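Presented below is the structure to which this report refers.
The values are calculated or read from the model by the stated rules, or taken from the named source; none is laboratory data. Everything numeric here is computed off the predicted structure, so don't read it as measured data. Cβ placement follows ideal geometry from the backbone for every residue including glycine, while neighbour counts extend to all protein chains displayed. Surface accessibility is based on the protein's heavy atoms, side chains included, excluding ligands, DNA and RNA. Shrake-Rupley method; radii C 1.70, N 1.55, O 1.52, S 1.80 Å.
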Amino acid sequence: MPKLDVSSEMSFKEVISSIELADITGDGKDNLVLSTINGDIRIYEFQRSKKEPLIEICTASNLPPVATLGVGDVTGDGVPDIIAGGMDNSLKTVSYEDGKLVIKDTTPLGNLPTAICVLNVEGDEAMEVIVATSDNALRCYSWFEVALDKLAHKVVEHPIFSMVPLHTKGVPYSRFVFGDESGHIYVYQYQDDRLHERSRVKVKGQVTLVATGSVTNSRTDEIIAVSDGSVLNFLHVVQNDIKMMDRIRAPGAVTSVKIGPIGTQDTDEYIMSSQGNSKLTLLSFYNNRMNEYLSIKTAKKSVESFIAIGNIYGNGESHIIQAVRNKINVISLVDD
C-alpha cells in the first residue's frame, strides 16, 4: 500500500508567503520559487540530500512584500518569468538572467493586487497576465518589447482572490476560472480586446480557492473550488455549462488546492487539498464520487499551509511541495 512521506524538509528564518514550481534555469528540473513576508523572491534547486535538500540559486531582496505570485513565459524568450503583485500596488516582471533575478518592468496598478493568473489567452508564443485588484477590476496584460501593455480591463461584481487557467486539449489558448464571495464560479475568456464571461454556476458559501486539472482525462480540465471554508466542489465544463460532479466537506479549513499527478507523471491526476492544520489529503474520483486516497499531517500546529506540484529532480516523477509557515516539506509517494 503506498503512502505519503516527507522525504526532506528545510526551515527558513522568515515566514513563506507563496510558492511556485517552474524550470527557471532550463535544466529540466522544476525550481522552487518562493516569496517571504520580508519582500524577498528566491529561487532554489532541489537535490536528494537530507542535510541540504535546497540550494539557493539567486535572490531578489528589498522588494515590497508580495501579495500574489505567478510564473510563466511572459517575455517570450522560452524561460519562465516571475510575475509579482506587490503590496505597493504594482506588478513586477522578474526574469532570471545570467544567474541573477532582474526586474524587467514595474507596472503601477493603483490598487492592491489580489490574484494573478499567467496563461496564454491569444495562442501565440508568449503568455499573458491576468491580475485582479482590490477595486473589483480584472486587467489583462501582454509583453510588448520592454514592458507590460494592458490589453483589456473589466470591472467585476466582487473581489477575486484565486484565479487559474482552464486548458482544453487541442486549443492553443486558455480560458480562466475564478470564484467570489457571492458563491459563484466563473469561466472567462479574452477575445476581441475584451474579457468575456462564458459561464457561471452558484455553489453554497463564499468561494475562496480554485484549481484546475485533468482528473477524468476529458477534453477540458475539471475545476475544484473551495467554498464555505472547507467544502470541496468538483465541477466539469461542458461547452459553456459548468456542471457539479460531486461535493464533500473537508474535516478542517482548506488553505490550498491543486490538481495533478504524484509519482510517475503518466499516472492519474489527483485532487490535493492542504488544510490550515497542515494535513495534506489526496482524493481520487471514481464511481462519480470524490474519495480520500492518502493523507499526511506534517506539523503539530499551523494556521495555513499551501502546496505546489512538480518534477523537482528531473526524473519524470512528481512531488508535492508544501509550505507551512517557515518550513518547506518535500512530500513523496512511497511504498509502505
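For the range 149-186, taking the residues that are out of contact with any Lys or Arg (no Cβ under 9 Å at 6 or more places or on another chain) and not in a loop (DSSP other than H, G, I, E, B), the one that is nearest to residue 114 (Cα to Cα) is identified as 163.
Taking the condition of being assigned to a strand (DSSP E or B), open to solvent by less than 70 Å² (accessible area, probe 1.4 Å) and not hydroxyl-bearing (Ser, Thr, Tyr), how many residues in the range 259-293 meet it? Final tally of qualifying residues: 13.
Just one of the listed residues (19, 24, 41, 103) is touching a residue at least 60 places away in the same chain (Cβ under 8 Å), surrounded by 14 or more Cβ atoms within 10 Å (Cβ to Cβ), out of contact with any Leu (no Cβ under 7 Å at 6 or more places or on another chain) and within 30 Å of residue 188 (Cα to Cα), and it is 24. Within the range 294-313, take every residue that is modelled with pLDDT under 95 and open to solvent by 40 Å² or more (accessible area, probe 1.4 Å) and give me the one that is nearest to the chain's Cα centre (by Cα). This residue is 304.
The condition (being closer than 21 Å to residue 238 by Cβ, of a type in the set (D, E, K, R) and crowded, with 21+ Cβ neighbours inside 10 Å) is satisfied by just one residue among 198, 175: 175. Scanning the range 182-195 for residues that are open to solvent by 80 Å² or more (accessible area, probe 1.4 Å) and of a type in the set (A, V, I, L, M, F, W, C) yields a total of 0.
For the range 122-135, taking the residues that are open to solvent by less than 40 Å² (accessible area, probe 1.4 Å) and assigned to a loop (DSSP other than H, G, I, E, B), the one that is nearest to residue 175 (Cα to Cα) is identified as 123.
Considering the conditions (1) open to solvent by less than 60 Å² (accessible area, probe 1.4 Å); (2) part of a loop (DSSP other than H, G, I, E, B); (3) over 24 Å from residue 16 (Cβ atoms), residue 64 is excluded by exactly one of them, (3).
Considering the range 67-95, the residues that are of a type in the set (Val, Ile, Thr) and touching an Asp or Glu at 6+ places or on another chain (Cβ under 9 Å) include one that is surrounded by the fewest Cβ atoms within 10 Å (Cβ to Cβ), namely 79. For the range 251-265, a residue qualifies if it is over 17 Å from the mean Cα position of the chain (by Cα), at pLDDT below 95 and farther than 18 Å from residue 167 by Cβ, and the qualifying residues are 251, 252, 263, 264.
Answer with yes or no whether residue 212 is open to solvent by 20 Å² or more (accessible area, probe 1.4 Å), assigned to a strand (DSSP E or B), within 30 Å of residue 95 (Cβ to Cβ) and without any contact (Cβ under 8 Å) to a residue 60 or more places away in the chain. So residue 212 fits the description; yes.
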